[in-house]
Amino acid sequence: MNKSNNKRYQITDEKIENALLALLKDKDFNSTYVNDICKEAGIARTSFYSHYDDINDLILKTQNKYSNKILEILLTNKLSSKDAYTMYFSYLKDHSVFYKAYLISSDSRIFAKNTCDYLLDLYAERLNMDNINKRKKKYHMIFIGAGINAIACKWLLDGCIETPEEMTEILLHEYSYIFSNQNSEKI
């Protein structure tokens, strides 16, 4: 049986994710346990384990789901950088419960690495970096990704006071050289 197309399976999966998000309003990842999720979701432990190997598997799969949406926003849309980053900050704000917990955890390095790898080719093309070796490109993207991560993390922890549009302006100002027509050797 194809579990992903099974309506009951999908409903239970949604309950588990919603339970995780409800618990993250008051707890961090390290203080969230399978029993807590099962109680919050109103399911048995066996149901949880038919969906996930453990709590880390749930967190990783939830992160992957959200990261894929972010990558879709940043990569597949034919948007300007400004529009893409405004959508990015809007998405983070809409999913702030998860991202507050996730971005401050040590596991956020996985997010930064995965995002960095996907964005590398996009920015390398924009920056006309073909003459710089691949290793230098990766270090550049790690630097950029860490900066974006730090800005997003601070914004989320402060309660998303600024609008997504204001955050986009801050980000683009800080990284204005990326989106300018400067020669890549000046970077």
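Every residue in region 135-187 that is exposed (fewer than 13 other Cβ atoms within 10 Å of the Cβ), modelled with pLDDT of 75 or more and outside any helix (DSSP H, G or I), please.
Within region 135-187, D158, G159, I161 meet the criteria.
If A101 satisfies every condition in (1) modelled with pLDDT of 85 or more; (2) crowded, with 19+ Cβ neighbours inside 10 Å but one, which is the exception?
Against the list (1) modelled with pLDDT of 85 or more; (2) crowded, with 19+ Cβ neighbours inside 10 Å, A101 comes up short only on (1).
Residue-by-condition table, conditions (1) among the hydroxyl-bearing types (S, T, Y); (2) open to solvent by less than 20 Å² (accessible area, probe 1.4 Å); (3) in contact (Cβ under 8 Å) with a residue 40 or more places away in the chain; (4) not in a helix (DSSP H, G or I):
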{"site": "Q10", "(1), (2), (3), (4)": "no, no, no, no"}
{"site": "K15", "(1), (2), (3), (4)": "no, no, no, no"}
{"site": "L21", "(1), (2), (3), (4)": "no, no, yes, no"}
{"site": "S67", "(1), (2), (3), (4)": "yes, yes, yes, no"}
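Determine whether K61 is surrounded by 13 or more Cβ atoms within 10 Å (Cβ to Cβ), within 22 Å of the chain's Cα centre (by Cα) and either farther than 15 Å from I148 by Cα or modelled with pLDDT of 90 or more (or both).
Answer is yes for this residue.
The values are calculated or read from the model by the stated rules, or taken from the named source; none is laboratory data. What you are looking at is a predicted structure, and each value in this text was computed from that prediction instead of being measured. With ideal geometry, Cβ positions are generated from the backbone for all residues, glycine too; neighbour counts draw on all protein chains shown. Side chains are part of the model used for accessible areas, which takes the heavy atoms of the whole protein and leaves out ligands, DNA and RNA. Shrake-Rupley method; radii C 1.70, N 1.55, O 1.52, S 1.80 Å.
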